[in-house]
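Read through the structure below, which is laid out as structure tokens, and then see the notes.
The values are calculated or read from the model by the stated rules, or taken from the named source; none is laboratory data. What you see is a predicted model; the values in this text were computed from it and never measured. Cβ: placed from backbone, ideal geometry, glycine included. Neighbour counts: every protein chain shown. Calculation scope for accessible area: heavy atoms of the full protein, side chains included, ligands and nucleic acids excluded. Shrake-Rupley method; radii C 1.70, N 1.55, O 1.52, S 1.80 Å.
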Amino acid sequence: MNITLRMAWRNLWRHKRRTWLTVGAMIFSNLLLVFMISLQFGSYRMMIDNTLKSYTGHMQVQLEGYNDDSKIRNSFDNIIPLAEQLRQTLNTSRVAARGVAFAMTSSEMRSYGLQIVGVEPGYEPEVSTLSGLLKKGQFFSGNNAEEIIIGSILARNLRVDIGAELTLLGSGRDGSFAAGVVLVTGIFESGSNDVDRSMAQIPLGYFQSLFSMGNQGHNIVINAEDLSLVDVLQSKVSHVIASRKELVLLDWNQLQPGLQQAIQADMFSAWFMYAILIVLVAFSVLNTQLMSVLERTREFGIMMALGVKPVRLGALVITETTLMSTLGLAIGAGLGALLAYYLSLVGFSYPGMEEMAGKFNLPDRMYPSLSLLSVFLGPCIVFICSLLASVYPALRLFFLHPVSAMRTV
Amino acid sequence: MTSIVCKDLCKTFQQGDEVITGLDNVSITIEKGDFVCLSGPSGSGKTTLLNAMGGLDTPDSGEITIGRVRIDKLGKAALADIRLHNIGFVFQAYNLIPVLTARENVEFVMQVSGLDAEERSKRSYKILREVGLEGMENRRPAHLSGGQQQRVAVARAIVSQPTLVLADEPTANLDSVTSSQLMDLFVELNQHHNITFIIATHDLRVMKYAKRLIKMEDGKIISDEKQ
């Protein structure tokens, strides 16, 4: 072993307690960083999944331009056969067609303007959590049933309950007058007041006849089993719709651009906290190495007298920090990865999470997402900052004078 | 052949408001292979002169030439190279590196010089045998007696085959028997390897070994005698 490396290693253990305190701070911060970053990545994945699975889906097939200009006329043909074709190609039931329109909805007492969404009763529960949030009643009995499910706030505003009749008045795709009477079969509580107040669902078959849509609809929602499978599904779907030039496939990032922005904002604030932790560790290293250099001033003076140049002495100090940081990185990242791995298997929840999740038909546990990035990103930054923190003590050696250094007690 | 020439060396130190004279117009020439003792009371300037000749300190004025190199004008890096390749130091307090074994202490300077591991190992074992430390190569300084530590320091000082060894009170912490052994070793190295020795000392027994005795007082040379 190189003598500098040997000296550095032995120097570390001249003050075992001090070294272990510093290494301990690194281990703790690395463990915490690995766990927090893995949990953060896992929670983003969960946040994306939960948001998309609640209604939007991981991707949608639409008429080109519909996303920017959601008019009833911007629909496309043969939506149900195309949805069926996608289900077969992707070998999944997580594909459902939808139509979207607006109508005035009236009960005996009151009227409100609503967004009416036509859904495939057999497949909509596979792409949206809304059907699982019914607090009263049931989902549709068939694709052509003259039934409606509404939000709890709307039910209260309209002063209706299960079994009540509502009148829908709007304009059809061809500009004709659209009118129908539907039976309230379900009342949901989505957790979002806006949705509960202003959205209702009816079966797609009935939607097409009510709004003179023919065989048309507005989007096909596709959910992936996992976020990591989105890319694979995207290429398959693109292949299926390749012959229909009027259609486009939009992924979740295009459908919900705010989601990515929210994640970035959260990531920024989390990294601000991590930065504080890393700076504290760096100061601990700075303190240790500065003390170590100061108390060995005489020793450094001797080495200089023997002809050792300051750059080699500086390298010795940096090597000591490197060894200490490597220990902290290996043990901290290892323990952090073990903890994150264990929790990625059994999940992690906090008090009240289960009740909250049950209320919104969402998973009741978070699962840290373990990856090379989540394991090594934080510890590597701690490692680099620790090395940077030891530059100042190392630089002090360049200003040492051998005679006065050797006089130091 | 001339080994060291010091000409009109002056050095002062500031201690609070007081200016202390370390060297006061010191001029001296030391031949290669000489065995010189610098003697004098504390504060007479022995160590200051030794430090200046070893390139550890620079004089305020005057010239120091070792061989053909004027070292008083050299920068830190060049002085470090001179010390590494040409000068061996033996200090009063041994000054070994505590985390290294006796052999590693001796090898350290050679590694800094860039010698390969095999050569380093060969030389360090040989030199430690020469100074009577065979079998103690793997002991750390804390597990060696004062005399043994000083022998390691001597081995370290001469292993790179310097032309000059500067020793500052090398026997100050040793008993009389160990002091005699150390001085015998110095004499042997001086005679067999033609290394120039300059020893700063108070010790009258050490002075007896000198070929040349220089006495100093208040930063000046007051006598310079060949013995």
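Looking only at segment A:121-163, count every residue that is among the hydroxyl-bearing types (Ser, Thr, Tyr) and in contact with a strand residue (DSSP E or B) (Cβ under 6 Å, 6 or more places away or on another chain) and tell me the total.
Qualifying residue count for the region: 2.
For segment A:345-367, indicate whether the set of residues that are among the polar types (S, T, N, Q) and either at pLDDT 95 or above or over 30 Å from A:GLU189 (Cα atoms) (or both) is non-empty.
Within segment A:345-367, not a single residue is among the polar types (S, T, N, Q) and either at pLDDT 95 or above or over 30 Å from A:GLU189 (Cα atoms) (or both).
Out of all the residues in segment B:86-109, which are out of contact with any Leu (no Cβ under 7 Å at 6 or more places or on another chain), modelled with pLDDT under 90 and within 10 Å of chain A (Cβ to nearest Cβ)?
B:PHE91, B:ALA93, B:TYR94, B:ASN95
Does A:LEU33 meet the test of being touching a residue at least 60 places away in the same chain (Cβ under 8 Å), within 14 Å of chain B (Cβ to nearest Cβ) and either aliphatic (A, V, I, L, M) or not in a helix (DSSP H, G or I) (or both)?
In short, no.
Among (1) touching a Leu at 6+ places or on another chain (Cβ under 8 Å); (2) in the same structural domain as A:SER128 (by TED's automatic domain parsing), there is one condition A:MET26 misses while meeting the rest; what is its number?
A:MET26 satisfies every listed condition except (2).
Run down A:VAL248, A:VAL232, A:VAL240 and say which single residue is in a helix (DSSP H, G or I) and in contact with a helix residue (DSSP H, G or I) (Cβ under 9 Å, 6 or more places away or on another chain).
On inspection, the qualifying residue turns out to be A:VAL240.
Tell me, please, whether a residue that is away from every other protein chain (no Cβ under 13 Å), touching a strand residue (DSSP E or B) at 6+ places or on another chain (Cβ under 7 Å) and not in a helix (DSSP H, G or I) can be found in segment B:69-80.
yes
Scanning segment B:54-97 for residues that are of a type in the set (A, V, I, L, M) and in contact (Cβ under 8 Å) with a residue 60 or more places away in the chain, which turns out surrounded by the fewest Cβ atoms within 10 Å (Cβ to Cβ)?
Going through the qualifying residues, I end up with B:ALA93.
Could you tell me how many of the residues in segment A:221-247 are under 13 Å from A:GLN60 (Cα atoms), open to solvent by 40 Å² or more (accessible area, probe 1.4 Å) and of a type in the set (A, V, I, L, M, F, W, C)?
Final tally of qualifying residues: 0.
Got at least one residue in segment B:116-136 being hydrophobic (A, V, I, L, M, F, W, C) and within 11 Å of chain A (Cβ to nearest Cβ)?
yes
Inside segment A:386-406, can you point out the residues that are over 15 Å from B:ALA80 (Cβ atoms) and open to solvent by less than 80 Å² (accessible area, probe 1.4 Å)?
A:SER386, A:LEU387, A:ALA389, A:SER390, A:VAL391, A:PRO393, A:ALA394, A:SER404
Being closer than 23 Å to A:PRO310 by Cα, in a helix (DSSP H, G or I), in contact with a helix residue (DSSP H, G or I) (Cβ under 9 Å, 6 or more places away or on another chain) and polar (S, T, N, Q) is true for just one of B:ASN95, B:ASN51. Which residue is that?
Of B:ASN95, B:ASN51, the one residue that is closer than 23 Å to A:PRO310 by Cα, in a helix (DSSP H, G or I), in contact with a helix residue (DSSP H, G or I) (Cβ under 9 Å, 6 or more places away or on another chain) and polar (S, T, N, Q) is B:ASN51.
In segment A:283-318, which residue that is open to solvent by 20 Å² or more (accessible area, probe 1.4 Å) and hydrophobic (A, V, I, L, M, F, W, C) is farthest from the other protein chains (Cβ to nearest Cβ)?
The extreme case among them is A:PHE283.
Determine whether segment A:84-96 contains at least one residue that is under 26 Å from the mean Cα position of the chain (by Cα) and surrounded by 22 or more Cβ atoms within 10 Å (Cβ to Cβ).
Scanning segment A:84-96, I find at least one residue that is under 26 Å from the mean Cα position of the chain (by Cα) and surrounded by 22 or more Cβ atoms within 10 Å (Cβ to Cβ), so the answer is yes.
Which numbered condition trips up B:VAL112, out of (1) of a type in the set (A, V, I, L, M, F, W, C); (2) under 28 Å from A:ARG14 (Cβ atoms); (3) facing chain A (nearest Cβ under 9 Å); (4) open to solvent by less than 20 Å² (accessible area, probe 1.4 Å)?
Condition not satisfied by B:VAL112: (4).
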